[in-house]
Amino acid sequence: MQQQGPIGVFDSGYGGLTVLKEIVNTLPQYNYIYLGDNARAPYGNRSFETIYHYTLQCVKWFFQQSCPLVLLACNTASAKALRTIQQKDLAKIDALKRVLGVIRPTTEIIGLHSRSGKVGIMATNGTVQSQSYKIEIEKFYPQLQVYQQACPLLVPLIENGEHENAGADYFIKKYTDELLAKDPGIDTVLLACTHYPLIQDKIKKLLPVGTEVLAQGNIVAASLQDYLQRHPEMEKLINRGGKLKFYTTDSTSDFDAHGTVFFGKPVQSEHVELEG
Ligand code: DGL
């Protein structure tokens, strides 16, 4: 018989906490554990092999904590590692466990938001280079024009708590200007990085009035709720009680200070050393 356990939520750093916050609001009945691989963040500019290796190591850690289901609340890891883990590794590790990502839930609904048929994707280098958004959106909305903008400096600025400062404004404007230069008709912009909700208001102010700026947290939370309704065999394996535990591969005092900003409530983390 499969062991019950909490839902695992993963990000390279703090960004996944913006997703976890929405998931807990939507599904408060379950237990969750969050892991931020802060010691090796950001992932965005790293190679496919490195991101895959790091993500798989973290997924295995979640499985050791008895999580039946792990959500990669990181676009970069979802873009570069999820498919290989689902198709190659899961069968070898434990075929009954599941790993989900954040790209598919978002691409399923993005076409419902655009009137002009032109959408912008702001993401890390890794996510943009993987072309995952273009490929996945094409499956659901083949008529949609998708413009991608890599924003390599935003995660480091946000991870270092510099996003409220004028130096960050310069780069946010540079990236929104570059995106609009690709097509001024873009009317929907997806924040395809779980760190960006912290600068959502700044991004919105720099885009033409009426542009819809979508963050992923509530989209992913609704999709997870739907997934658990469709998969009662998985839902039964998730333990209940509304408990939350936070882990980081780096300093717990830094995690607690920064994590609180992303989660919107105080967080208290434990340090974890990954094996393998
Ligand atoms: N929050 C991650 C994402 O959604 C940031 C990745 C990184 O570490 O660069 O892509």
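The values are calculated or read from the model by the stated rules, or taken from the named source; none is laboratory data. The structure displayed is predicted, hence computed values, not measured ones. Counting neighbours? That spans all protein chains shown, and the Cβs are built from the backbone with ideal geometry, glycine included. For the accessible areas, the whole protein counts, side chains as well, though only heavy atoms, and no ligand, DNA or RNA atoms are used. Shrake-Rupley method; radii C 1.70, N 1.55, O 1.52, S 1.80 Å.
General remarks:
- Per residue, the range 1-109 exposes an accessible area of 36 Å² to a 1.4 Å probe, with every protein chain left in place.
- Principal semi-axes of the equivalent ellipsoid, √(5λ) from the alpha carbon gyration tensor of the chain, are 29, 21, 17 Å from largest down.
- Among Ala39, Thr194, Ser269 - extreme Cα towards positive end, dipole of the chain, charges at beta-carbon: Thr194
- The range 1-49, accessible surface, carbon-and-sulfur percent (1.4 angstrom probe): 48
- Accessible surface, the range 111-215, averaged per residue in Å² (probe 1.4 Å): 44
- Ratio Rg/Rh, restricted to the range 123-276 and using Cα atoms, in which Rh is the Kirkwood radius: 1.01
- Between Pro152, Pro232, Pro266, the Gaussian network model of the chain with springs among Cα atoms under 10 angstrom shows the greatest mean-square fluctuation at Pro232.
- Other residues with beta-carbon under 12 Å from the beta-carbon of Gly15 carry, at +1 per Lys or Arg and -1 per Asp or Glu, a net charge of -2.
- The charge dipole of the range 188-276, taken about the Cα centre with unit charges on the Cβ atoms of Lys, Arg (+1) and Asp, Glu (-1), comes to about 440 debye, rounded to the nearest 20.
- Counted residue by residue at 0.36 nm each, then reduced by the alpha carbon distance between them, the extension gain from Gln3 to Ser116 reaches 35.9 nm.
- DSSP loop GluC sites (Glu not before Pro) with at most 11 other Cβ within 10 Å excluded, longest remaining stretch of the chain: 1-272
- R0 of 41 Å, Cβ-Cβ distance Thr84-Lys205: FRET efficiency to nearest 0.05: 0.60
- Over the range 1-134, the pair-distance histogram of Cα-Cα distances with 10 Å bins from zero comes to 12, 42, 34, 11, 1, 0 percent, rounded to whole numbers.
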